[in-house]
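Only one structure is covered here, and it is reproduced in the block below.
What follows is calculated from the coordinates using simple rules that are stated; it is not laboratory data. The model shown is predicted, which means the values in this text are computed figures rather than measured ones. So basically every Cβ, Gly included, is an ideal-geometry build from the backbone, and we count neighbours across all protein chains shown.
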Amino acid sequence: MAKLNKPKSRYAKSEKLFAEAVKLMPGGVSSPVRSFKAVAGEGGGGIGPVFIKEAKGADLTDIDNNTYIDYVMSYGPLIAGHSPPPVRAAVAKQIDKGSSYGCCTEAELKLAKIIAAAMPNVPMIRFVNSGTEATMSAIRLARGVTQRNIILKCHGCYHGHVDSLLIEAGSGATTHNHPSSPGIPDSATSNTVLVPYNDLPATTAAFEERQGKIAAMIVEPICGNIGVVPPLPGYLEGLRALCDQHNALLIFDEVLTGFRVAYGGAQGLYSIRPDLTCLGKIIGGGLPVGAYGGKPELMNHVSPAGPIYQAGTLSGNPLAMAAGIATLSLLDDTAIDGTSIYTQLEALGSRLEIGLKAAAVAANVPVSIQRVGSMLTPFFLRRDGSQTASIKNYADALQCDTQAYARFFRSMLDAGVMLPPSQFEAWFISSAHTEGDIDQTIDHAREAFKAAQSI
């Protein structure tokens, strides 16, 4: 009898690399959500992560030469797409001059000026290496200035893997069913108080119960780490008023939303004044970066101007500064046809939202598609109708049908569309995406929604 050859997987090389990777790195990855564990399917079988070979514009190509329309976009930084020529040229020019000096550069000043001009609430800034460093440092500053210890945060808001904030965090922590982490002592979180996002009465009660003890409230002005959840009308204004009333600082974590939802970030979009702002992602143009900033009367407490210590060997790295300057210069310019990049992104986002909604309805799949500008998430709702029709907070998000999302994800991947491998992450659109990319994505989604409802 002839021996039947097993069909070769279209992901064969990625599967081989992943088998090697798990022997060398925890879970085979450098960041948890990349493992595809949450979308592997019932019983943990099925697909592992794909390994990317190269990318350009809105497309990724993996090591098996499969090409995908990309909506991960490195989880947000690549608002101009992969390897845009001005950013590539800026980094190439800088690398010829050196990659790191451990000294001051004019590029730091230039990027700081661009950010300050776009965000009037950030006239003084300190560059760091990641969003985690930014939030950690902003909290230290808030505690040092106010001489108070308690920090308020929202259930499900992710502010990096800072010990005191990694409690009921969103993003990868929720994706892998570990909303907190072993290795963090109770003392590290004893001064962290949790309140629901979009719930002003609960936040008011938290402030009133701890009169004179709260240093700051840190919040994503638009949740992006449980999927995209916009603030309800009046919510951010209410937080500002509460912080003013109780002499606490309001910290906006705009690592995701800064220069993404508007040139001036969410604080510009909603006209809210935070005391401190945390930035990252887009301001580095795809290179590792973070920053925190605010008014001089706060920032001048940071060493060496003041006593609150924070440092970093690679902070203000010239390669990241060059990429950030080039990216923000693109965003402050216009698209080829004279249309603002943000107008272009809004049009593409709306087109995708409308198309996905229609495809879901046609397939009779209950979803809540939530979007702010170029950030979007389809939340897969429970088919029994027990879930609210829109997602307003972490508790709502946790009710979603993650297995339906996993089936949808795998169908889209096989069709050539790269999505975040988690229900609890945002999709990102770039200026490199075209209407054709959006329409092709919607076409594939029609079949993927059908796959999502299959048992």
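Just to confirm the number: angle between the C-alpha axis of helix 131-146 and the first principal axis of the chain, 0 to 90 degrees, nearest 10?
Its long axis makes an angle of about 20 degrees.
Within straight cross-link reach of LYS93, meaning Cα distance under 26 Å, which lysines are found once same-chain residues fewer than 8 apart are removed?
The qualifying lysines are LYS53, LYS56, LYS110, LYS113, LYS281.
Under 10 °C and 1.306 mPa s, how fast does the chain diffuse according to Stokes-Einstein, given a Kirkwood radius computed over C-alpha pairs? Answer in µm²/s, whole number.
The diffusion coefficient I find is 70 µm²/s.
Using the Cα atoms as the points, what is the convex hull volume per residue of region 313-446 in Å³?
Hull volume normalised by residue count: 149 Å³.
Under the rule of -39500 (n - 2.57) per DSSP H run of 4 or more residues, summed and divided by the residues of the chain, what mean residue ellipticity at 222 nm is obtained, to the nearest 500 deg cm²/dmol?
One gets -11000 deg cm²/dmol as the mean residue ellipticity at 222 nm.
For helix 12-24, what angle does its Cα long axis make with the longest principal axis of the chain, in degrees from 0 to 90 and rounded to 10?
So the inclination is approximately 40 degrees.
How fast does region 1-148 diffuse by Stokes-Einstein, in µm²/s, taking the Kirkwood radius from C-alpha pairs at 20 °C and 1.002 mPa s?
108
Report the Cys residues of the chain lacking a disulfide-compatible partner, meaning no second Cys Cβ under 4.7 Å from their Cβ.
Taking the Cβ cut-off of 4.7 Å, the unpaired cysteines of the chain are CYS103, CYS104, CYS223, CYS243, CYS278, CYS400.
Quick one: length gained pulling SER390 to SER100 fully straight, 0.36 nm per residue minus the C-alpha distance?
99.7 nm
Give the separation of the Cα centroids, region 85-164 to region 392-455, in Å.
31
Over all directions, average the projected area of the Cα convex hull of region 297-364 and note it in nm².
9.5
Need one word for region 137-286: rounded, prolate or oblate. Basis is the Cα gyration tensor (sqrt eigenvalues a ≥ b ≥ c); a/c below 1.5 gives rounded, then a/b vs b/c decides.
Judged from the Cα gyration tensor, region 137-286 comes out rounded (a/c under 1.5).
Pull out a ≥ b ≥ c, the square roots of the eigenvalues of the alpha-carbon gyration tensor of region 237-304, then state rounded if a/c is under 1.5, prolate if not and a/b is larger than b/c, and oblate in the remaining case.
oblate
What angle, in degrees between 0 and 90 and rounded to the nearest 10, separates the Cα long axis of helix 106-118 from the longest principal axis of the Cα atoms of the chain?
Taking Cα atoms only, the helix is inclined about 90 degrees.
What percent do you get for the relative contact order of region 362-455 when only Cα pairs under 8 Å and 6+ apart count?
It rounds to 32 percent for region 362-455.
Let me have the relative contact order for region 217-366, percent, based on Cα pairs under 8 Å that are six or more residues apart.
Computed over region 217-366, the figure is 16 percent.
Can you give the longest stretch of the chain with no exposed loop site, where a site means trypsin sites (Lys or Arg not before Pro) in a DSSP loop (not H, G, I, E or B) with at most 11 other C-beta atoms within 10 Å?
98-455
Past the 15 angstrom mark, what percentage of all C-alpha to C-alpha distances in region 51-116 do you count?
Counting every Cα pair in region 51-116, those more than 15 Å apart make up 66 percent.
Over region 353-415, one equal point on each Cα, no solvent: what is log10 I(q)/I(0) by the Debye formula at q = 0.15, 0.24, 0.30 Å⁻¹?
The Cα Debye sum returns log10 ratios of -0.46, -1.16, -1.45.
Averaging sequence separations of C-alpha pairs under 8 Å and six or more residues apart, then dividing by the length of the chain, give the relative contact order as a whole percent.
It comes to 21 percent, rounded to a whole number.
What percentages make up the Cα-Cα pair-distance distribution of region 193-262 when the bins are 5 Å wide from 0?
Bin by bin from 0 Å, the calculated values are 3, 16, 28, 25, 15, 9, 3, 0.
In the neighborhood of GLY258, defined by Cβ-to-Cβ distances under 13 Å, what is the net charge if each Lys or Arg adds +1 and each Asp or Glu adds -1?
My count for the surroundings of GLY258 gives -1.
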